[in-house]
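The values are calculated or read from the model by the stated rules, or taken from the named source; none is laboratory data. These figures come from a predicted structure and were not determined experimentally. Note: ideal-geometry Cβ built from the backbone for every residue, glycine included; neighbour counts use all protein chains shown.
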Amino acid sequence: MELRVIENEPTELSIEIAGEDHTFLNVLKGALLEMDTVAAATYDMNPEQSGGQTDPILTVKTEEDVDALDALEAGAQRVIDKSADLRSAYEAAA
């Protein structure tokens with residue numbers, strides 16, 4: 001996965017995630033929004049509308065005194081954990 005940091009402030013982070021689509025971004029955004037420390041999480045699939053940028057840009061805003069990069073890491077870990085839980089449930093049902 002190729003990432004490019006667009007903005008990195010203590011409580012706000014915007015990153016471009018090359019090659020991803022709604023499937024991944026919705027899952028990651030949902031995991032972030034489940035966290036009490038995340039004030040907002042959103043993504044834009046075509047931020048420059050028709051001239052240039054087409055890879056999605058994820059923006060995370062956190063509560064005061066919570067590092068946005070740390071929140072993104074925790075959100076990604078939530079996705080990993082949920083995926084493992086789904087796999088375990090599937091294997092138990094099979």
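From the residues in segment 61-94 that are exposed (fewer than 10 other Cβ atoms within 10 Å of the Cβ), over 21 Å from residue 10 (Cα atoms) and at pLDDT 90 or above, which one is nearest to the chain's Cα centre (by Cα)?
90
Look through segment 38-55, keep the residues that are at pLDDT 95 or above and among the aliphatic types (A, V, I, L, M), and return whichever of them is nearest to residue 14 (Cα to Cα).
41
List the residue pairs whose Cβ atoms are under 8 Å apart, where the first residue sits in segment 4-19 and is at positive phi and free of Cβ contacts under 8 Å to residues at least 60 places away in the same chain, the second is in a strand (DSSP E or B) and of a type in the set (D, E, K, R), and the two are 6 or more positions apart or on different chains.
From segment 4-19, the pairs are 19/2.
Filter segment 21-37 down to the residues that are over 11 Å from the mean Cα position of the chain (by Cα) and surrounded by 13 or more Cβ atoms within 10 Å (Cβ to Cβ), then identify the one that is nearest to residue 66 (Cα to Cα).
Per the criteria, the residue is 37.
Looking at 58, 25 in this structure, which one is part of a strand (DSSP E or B) and either modelled with pLDDT under 90 or hydrophobic (A, V, I, L, M, F, W, C) (or both)?
None of the others qualify; the one that does is 58.
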